[in-house]
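Working notes for the structure below.
The values are calculated or read from the model by the stated rules, or taken from the named source; none is laboratory data. The structure displayed is predicted, hence computed values, not measured ones. FYI the Cβ positions are ideal-geometry reconstructions off the backbone, even for glycines, and counts take in every protein chain you see.
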Amino acid sequence: MKGIRGRLIVHFGLILLLIVLLLESFFYLAVHTYYLGTAQEALVTRSTTFTTFINKYTANYRLKDKTRYILESISDDEYAKIEILDLNGRLILNSYGFQTGEVIYTPDVQEALRGETGIHVGMTPHSKERVIAVSNALTYENEYVGVLRYSISAEPLYRAVNHIALYGVGAGAVVVLLALFLCLLAAKRIVDPIEELTRAATQMAKGNFSIKTTKHYDDEVGTLAETFVYMAEELEKNEKLKNDFISSVSHELRTPLTSIKGWTETLITGNLKDREETMLGLDVVSKETDRLIGLVEELLDFSKFQSGEMKLSREEMDLREILEDVRVQFAVREQEKQVSLSMELPPEPLVFTGDPNRLKQVFVNLLDNAFRFTPQHGSIRVAVIREEQHLLVRVSDTGEGIAREELAYITRKFYKGSSKLSGSGLGLAICKEIVELHAGNLSVDSQLGKGTTVTIQLPLTA
């Protein structure tokens, strides 16, 4: 049984069968004990009472006279076989009037000769019939002279016990069959949803992420079905983002390559003595090349993050120096776009252990986004706040902002939102990964039409 359904039925079936067998055994033992115990008790009572009566009223009778008196005193409705034995166990006479001389020295007879009420359950040596025998000693002048033995056939009792046990076996079989049926239903309830999930997973493996599964029951399998649906939706979203990303990157790569190819052909076929045209063409080629390099670097960084190969070169540094370098780097852009850039840094050193190049990459990316989305005469503000255990770096702008419904996805890979500006959609995702590698946190808050604030929280070391 390789399937879960088969294993459940086999395992639970074996457990149920074992339980039923144990219960049947206890039931049979209880019925056997009850019937035989009741018969023994009744026989002991009759034998002891009759023997006491005989010993009391024939105290001066010898064994031969006692035997005659016993036979005369036996009631017509007596169902037990009564036997009188001498001290050697030889049969003197029985209630049927036979004197065979047979020697009966069973355990009950031996106990009776010791002054106890002997009880024996066994088979007769000749007919192999199961009997119950009870023996008590006969006395003459306070001395043992013989044994009075009561015996009955136990065969009717065993037939009754077996008959009842047969009913018990039938009831146990019905219970086992019913339990197996219920086990089959339970296995079906567990296995069918899993098989549905398996079929859905097969469809997803073929690229069909629109497949849906149904939550049949409010249990762990139902929760798995809900999780599966959520996973399928996320994979479908990621597939769409991937396709959009490929389309976007293809466009982003095609545009600078087209410009580079066009200006290269112009420079080749044109008059190189026209210095102004030559410098313009080389300037375009240089800028588009830088743009291509930036796209390729983002893709390489993203690949390293995805494969877990991104390593940090940690060292102790002053965060103010990195931010000052970034300010100098964007000074020309500040003048060209006529957007004011201000930095609010504390006078004391901001000692921090991390990778300076990666952190600089984060701040450059954030400021680049801020300049791209902030119109002329807008402002960008970088503020650093030193807390007891953390450093907070806030980059705020007065740009176009981000819609509230897009904020939850803005740091996801490939996500560009509703913006029409060029870009790969990887910048903020890479920034978030770098900050988290420094045990920090990156969050974005924005209002559409009013601007965006990106907050970076880094653990402080001093």
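Brief remarks on what is shown
- Residue check, Glu234 under 30 Å from Leu426 (Cα atoms), modelled with pLDDT under 75 and not assigned by TED's automatic domain parsing to the domain that holds Arg412: no
- Just one residue in the set Leu71, Leu91 is surrounded by 15 or more Cβ atoms within 10 Å (Cβ to Cβ) and closer than 13 Å to Gly146 by Cα; that residue is Leu91.
- Scanning segment 120-151 for residues that are surrounded by fewer than 19 Cβ atoms within 10 Å (Cβ to Cβ), of a type in the set (A, V, I, L, M, F, W, C) and within 21 Å of Thr38 (Cα to Cα) turns up Val121, Met123, Val131.
- Any chance Leu319 is outside the structural domain of Leu426 (by TED's automatic domain parsing) and either farther than 23 Å from Gly427 by Cα or modelled with pLDDT of 70 or more (or both): no
- Test: residue in segment 183-194 that is of a type in the set (A, V, I, L, M, F, W, C), without any contact (Cβ under 8 Å) to a residue 12 or more places away in the chain and out of contact with any helix residue (DSSP H, G or I) (no Cβ under 8 Å at 6 or more places or on another chain): yes
- Answer residue from segment 68-96, given it is part of a loop (DSSP other than H, G, I, E, B) and out of contact with any strand residue (DSSP E or B) (no Cβ under 8 Å at 6 or more places or on another chain) and is nearest to Val131 (Cα to Cα) among those: Glu78
- The single condition among (1) modelled with pLDDT under 70; (2) within 30 Å of Leu350 (Cβ to Cβ); (3) surrounded by fewer than 14 Cβ atoms within 10 Å (Cβ to Cβ) that Asp301 does not satisfy is (3).
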